[in-house]
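Please treat every number below as a calculation from the coordinates, not as lab data. Bear in mind the structure is a predicted one, so any value in this text is a computation, not a measurement. Virtual Cβ from ideal backbone geometry, glycine too; neighbours counted across all protein chains shown.
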Amino acid sequence: MEDDKHEVKSFKELGLVEQLIEACDSLGWKNPSKIQAEAIPHALEGKDLIGLAQTGSGKTGAFALPILQALLADQHAFFACVLSPTRFVWFWETPYDFYTYFSSMVFRELAIQIAEQFEALGSSISLKTAVLVGGVDHVQQSIALGKRPHIVVATPGRLVDHLSNTKGFSLRTIKYLVLDEADRLLNEDFEKSLDEILNSIPRERRTYLFSATMTKKVQKLQRACLRNPVKMEVACKYSTVDTLKQQLRFVAAKHKDCYLLYILLEKCESTSMVFTRTCEATRLLALMLCNLGLNATPISGQMTQTKRLENLSKFKAGTCPILICTDVASRGLDIPSVDMVINYDIPTNSKDYIHRVGRTARAGRSGVAISLVNQYELEWYIQIEKLIGKKLPDFEAQEEEVLLYLERVTEAKRLSLMSIKEAGGHKRRREEDVGHKFHGKNNKSKRR
């Protein structure tokens, strides 16, 4: 029967050893996801893989588990290299480049998460990993490479940097190469770096390529570096999982903050990701919610990478259950404990909706996604309906109950705006002071 072909088996039936089955159980993985069920048996047979999988499908486990099983039988340093995408552009060049810069920060965090998942699955074998990404101290990364890790997770540019400049480091012995988010790895920015990497690694290796879409560039890469790969596609291109409960609420724009507070209080035991359209809105909403007594934190491109990772760690640990973010956090972040996604702003690109709601209901778990749609966003919502092929049921709420929060919300937002304005004023004054000192020194030298 056709259904039997896609039946999700146990990890034991897939051929994994007991150590890794126990590691999966400790992470709460009771049964493999579809991409894991299809990919792992072929990987254990030593075949190259092409996996096309929807967001939240569990693809990191699909490539990490076979690599770790092979490592158990053949332990040596620099066993596997995983490439994930990023792009580093100074954010003050253009508005577009600011967005690109912020996007790169999320993908740097994706590389860190891949390493964390390897470490969790390989904890019983004292697995060592190294993460090579931009924006982090080069010397510290060189020290990590000096410890000869088993798994190197890297962005292309920084990996090439270390191959050229870190004494004693090479990839001549790796057995596995993974290209994650391959559709994004294949931008023009990475082409030269990828060529250098492919020329630096042995031809005799296993290669796994995972991508959200099969573009012409992905097909070209497949022909260049994979040998007779097994291809698998576990879902249609744009879909949401069955375990996700999706709802919407049409609201007046002026009442959207009240509805946000109402939902968060109604589901106060949930961990929630709230998606907004701009970086500025993440900060404002986080401050407003904190002023209302809720524990919320933003991820913003205006933060240092250390601060962003700190906020993300708080959210993952459950100490701060509300994360306010933009669409750049809609791909790559694997946080199993997310119970709810709230679309505070409807995305202008309907495909981003799929990625946003994919942050919950991951790997077979259930989740809730609630979209707040105001009078200016109706057209965008209609495009989302067309994409997912269904109308969403209404989130039930009595408006008179919701508007009981109006006065509190208005005051909290006023205080938040004042705080942001004052912080901006302090920053400008500091910059002016630095400028005066600088010009003062120049004037002195001219007088001399």
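Our summary of shape: the Cα atoms of the range 280-414 have principal axis extents of 40, 39, 27 Å, ordered from largest down, in whole angstrom. In percent, rounded to a whole number, the relative contact order of the range 234-314 is 17, using alpha-carbon pairs under 8 Å and six or more apart. With a Förster radius of 51 Å applied to the C-beta separation of residue 398 and residue 26, the computed FRET efficiency comes to 0.75. A P(r) calculated from all alpha carbon pairs of the range 126-206, with 10 Å bins opening at zero, reads 17, 53, 29, 1 percent. Compactness of the range 168-301 was expressed as the Cα radius of gyration divided by 2.2 N^0.38 Å, which yields 1.58. Spherically averaged projected area of the convex hull of Cα atoms, the range 344-405: 5.3 nm². Expressed per residue, the C-alpha convex hull volume of the range 250-342 stands at 101 Å³.
The alpha-carbon atoms of the range 192-252 define a convex hull whose volume equals 174 cubic angstrom per residue. Of the cross-linked pairs 59/386; 307/390; 217/386; 147/216; 216/256; 34/175, those separated by over 31 Å at the C-alpha level are 307/390; 147/216; 216/256.
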